[in-house]
1. May I ask you to say which residue of THR48, THR3, THR34 is under 13 Å from the mean Cα position of the chain (by Cα) and polar (S, T, N, Q)?
2. With more than 21 Å from ARG176 (Cα to Cα), basic (Lys, Arg), touching a Ser or Thr at 6+ places or on another chain (Cβ under 7 Å) and open to solvent by 10 Å² or more (accessible area, probe 1.4 Å) as the only criterion, which of LYS18, LYS53 stands out?
3. Would you please list the contacts, defined by Cβ atoms under 6 Å and residues six or more apart or on different chains, that run from a residue in region 52-76 that is more than 15 Å from ILE6 (Cα to Cα) to a residue that is of a type outside the set (Gly, Ala, Ser) and loosely packed, with under 15 Cβ neighbours inside 10 Å?
4. Collect the residues in region 16-45 that are under 21 Å from SER208 (Cα atoms) and of a type in the set (D, E, K, R), keeping them in residue-number order.
5. Name the helices (runs of 4 or more DSSP H) wholly within region 71-165 that hold at least 2 residues that are open to solvent by 20 Å² or more (accessible area, probe 1.4 Å) and within 21 Å of PRO204 (Cα to Cα)?
6. Return the residue satisfying two criteria in turn: it lies in region 21-41 and is without any contact (Cβ under 8 Å) to a residue 24 or more places away in the chain and surrounded by fewer than 12 Cβ atoms within 10 Å (Cβ to Cβ), and of such residues it is nearest to GLU68 (Cα to Cα).
7. Give me a count of the residues in region 101-120 that are within 17 Å of HIS57 (Cα to Cα) and among the charged types (D, E, K, R).
Amino acid sequence: MKTLEIYQIDAFISELFKGNPAAVCPLDEWIDDTTMQNIAAENNLSETAFYVKKEKHYEIRWFTPQVEIPLCGHATLATAFVEFNIKNTPNQELLFLTKDNLKLSVIKKQGLIELDFPSDTLEEIPLKKEFKNLFNHEPTKALKGEYDLILVFENEKQIETLLPDFQKISLLKDYRGVNVTSQGNTTDIVCRFFAPNAGIYEDPVTGSAHTSLIPYWETQLHKTKIISKQLSSRSGMLYCQLNNDRVKIAGEAKLYLKGEIYIKD
């Protein structure tokens with residue numbers, strides 16, 4: 001029997017039972033993909049992160065309960081929290097390398113954990129009828145990112161009261177998920193994120209979605225520092241900054257549990 005460490009971290013929030021919970025599994029070496037997918041399904045959280053420490057960087061992969069995904073913000077923040085606060089690494093900056101060879105820098109900074117992700121390239125696309133019928137309110141604009149469909153709405157109240165038609169969202173096979181947003185009342189912007197095809201009907205807080213949101217809203221608000229609130233039932237706060245072709249995404253995190261997983265050798 002082989003034993004693996006596991007931690008559950010609430011990310012992008014300063015208190016327990018809010019933000020986005022992620023499972024984090026430190027590994028001495030990579031285990032097989034099927035086992036990682038089974039662990040993620042058993043955890044039944046939006047993401048489980050697995051990582052292996054190398055000499056100068058960390059290799060990282062993320063799994064939803066159904067599939068492996070190429071990028072995840074909150075689970076990366078949760079992984080960095082484990083290294084900074086549980087493993088007590090002396091480094092103030094961590095470098096993660098993804099399966100697709102993306103380099104992700106994470107910094108411990110003024111009480112926050114700051115992710116440094118590549119910004120998305122957005123293309124405005126026609127506001128098709130199928131996009132208008134995904135929710136009980138109609139969006140005003142549609143954009144296509146590398147992974148997601150971004151829909152812009154008139155105001156925060158609409159984002160807060162959106163009722164998604166998950167059957168129709170599931171038909172959008174070209175997208176990881178649907179990222180909805182508007183200007184905020186007390187923050188610069190607000191958002192929500194829906195990804196039923198990845199086994200996540202509504203993600204509580206989505207760091208990676210802000211690699212699309214921040215480049216878009218920089219052009220609308222004419223500011224590079226943007227505070228975002230994700231209006232899920234758990235909610236979350238993200239402190240973001242656009243820096244050329246990178247997006248810095250900062251937030252807090254809290255440890256919820258730590259334990260052990262028992263798998264066959």
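1. On the way: THR3 fails: under 13 Å from the mean Cα position of the chain (by Cα); THR34 fails: under 13 Å from the mean Cα position of the chain (by Cα).
Exactly one residue qualifies, and that residue is THR48.
2. Values: LYS53 fails: touching a Ser or Thr at 6+ places or on another chain (Cβ under 7 Å).
Answer to the selection: LYS18.
3. Going by the 6 Å Cβ cut-off, the qualifying pairs are HIS57/LEU95; PRO65/ASN44; PRO70/ASP100.
4. Hit for region 16-45 is LYS18, nothing else.
5. On the way: elements: 73-81, 129-132, 156-160.
Helices (runs of 4 or more DSSP H) meeting the threshold: 156-160.
6. Applying the first criterion (without any contact (Cβ under 8 Å) to a residue 24 or more places away in the chain) to region 21-41 yields 29, 32, 34, 38.
So of that shortlist, the ones also surrounded by fewer than 12 Cβ atoms within 10 Å (Cβ to Cβ) come out as 29, 32, 34.
Numbers: GLU29: 18, ASP32: 13, THR34: 10 Å.
Ranking the qualifying residues of region 21-41, first place goes to THR34.
7. 4
The values are calculated or read from the model by the stated rules, or taken from the named source; none is laboratory data. All values derive from a computational prediction rather than experimental measurement. Glycine gets a Cβ as well: all are built from the backbone with ideal geometry, and neighbour counts include every protein chain shown. Heavy atoms of the whole protein, side chains included, go into the accessibility calculation; ligands, DNA and RNA do not. Shrake-Rupley method; radii C 1.70, N 1.55, O 1.52, S 1.80 Å.
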